[in-house]
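Student: Below: one structure in structure tokens.
No lab work stands behind these numbers, since they all come straight from the coordinates. Note that the structure is a prediction, hence the values are computed from the model and not measured. As a convention, Cβ positions derive from the backbone with ideal geometry for all residues, glycine included, and neighbour counts pool all protein chains shown.
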Amino acid sequence: MWNYSMLPSDLDILPKYSKYAIITGIVFAVLGLVGIIYPFYASVFATAFVAWLMIFGGIMAGYLTFITDKRDWLGWLKTLILIGVGVYMLVRPLIGIEALGLLLAMYFLIDAFAGFALGSMMRPAKGWWLWSLNGFFSLVLAIIFLVSWTSFAAEAWLIGIFVGISLLFDGITLIVIGTRIKKIGNVSEK
């Protein structure tokens, strides 16, 4: 994903890549701060977002089942489950927050693995440790969430805070990498 060897060989594109990495990093960092300041609302928003994704996924699964094999009962079952769970999460967002809590714990574990993997891939390059640090924080967040998962009040607030912290660190990392790529582009112009 963020491997230096994957950067385009055409160095003219580096300023554009750098610009979008910095802009995306700023947006992620701002969204992260909002999530940290208003964690309960961030939890409800995250739950609604996942619910709508499930509903959309259910509609697309139903459409695909309809055009490929109308008799595929597993396709229709998948459609009904996705749409049903999505609607249920919208109608009962507090239960959706509990389900989302477990999903976020899994996400943070996967994000930690990805951060460590990217850090080790970029190890000789400057700033490789930022991805490893991001992975470390994601691992800590996953452990904290799994330990406090039985308390709904803690869970509702933790989802917003965790999403906020993760977005904040992802944003900072993108800003730093975008500035480093900008320096590479400036060096190549000279």
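Student: Report the Rg/Rh value for segment 121-169, based on alpha-carbon coordinates and the Kirkwood definition of Rh.
Tutor: Radius of gyration over Kirkwood radius for segment 121-169 works out to 1.13.
Student: If I fit a long axis through the Cα atoms of helix 14-37 and take the longest principal axis of the Cα atoms of the chain, what angle between them do I get, 0 to 90°, rounded to 10?
Tutor: Result, in degrees: 50.
Student: Relative to the longest principal axis of the chain, what angle (0 to 90°, nearest 10) does the C-alpha long axis of helix 93-121 take?
Tutor: Computed tilt is about 30 degrees.
Student: Further question on the same structure: Can you tell which of Pro39, Pro93, Pro15 shows the greatest fluctuation in a Gaussian network model of the chain with Cα springs below 10 Å?
Tutor: Maximum fluctuation in the GNM of the chain, among the listed residues, is at Pro15.
Student: Just Ser151, Ser138, Ser18 to compare: in a GNM of the chain, with alpha carbon springs under 10 Å, which one fluctuates most?
Tutor: Residue with maximal mean-square fluctuation among Ser151, Ser138, Ser18: Ser151.
Student: In a Gaussian network model over the chain where Cα atoms closer than 10 Å are linked, find which of Gly115, Gly171, Gly58 has the largest mean-square fluctuation.
Tutor: Gly58
Student: May I pose another question? Nearest 10 degrees, 0 to 90: what angle lies between the long axis of helix 73-91 and the longest principal axis of the chain (Cα atoms)?
Tutor: Around 80 degrees separate the two axes.
Student: Here's a follow-up. How do Thr47, Thr150 line up, fewest other C-beta atoms within 10 Å first?
Tutor: Least crowded to most crowded, the residues run Thr150, Thr47.
Student: Listed highest first by mean packing, meaning other Cβ atoms within 10 Å per residue, what order do 95-108, 67-80 come in?
Tutor: Ranking, from highest mean packing down: 95-108, 67-80.
Student: Lysines near Lys19 by alpha-carbon distance under 16 Å, same-chain residues fewer than 8 away left out - which ones?
Tutor: Excluding near neighbours in sequence, the set is Lys182, Lys183.
Student: For a Förster distance of 41 Å, can you work out the FRET efficiency between the beta-carbons of Phe136 and Arg92, rounded to the nearest 0.05?
Tutor: 0.75
Student: Going by the alpha-carbon gyration tensor, a ≥ b ≥ c the square roots of its eigenvalues, is segment 21-61 rounded (a/c under 1.5) or, if a/c is not under 1.5, prolate (a/b greater than b/c) versus oblate?
Tutor: Numbers: a/c = 6.77, a/b = 1.58, b/c = 4.29.
Oblate is the answer for segment 21-61, as a/c is 1.5 or above yet b/c matches or exceeds a/b.
Student: Before anything else, pin down the relative contact order of the chain: Cα pairs under 8 Å, at least 6 apart, normalised by residue count, whole percent.
Tutor: Values: 246 pairs, mean separation 76.6, N = 190.
In percent, rounded to a whole number, it is 40.
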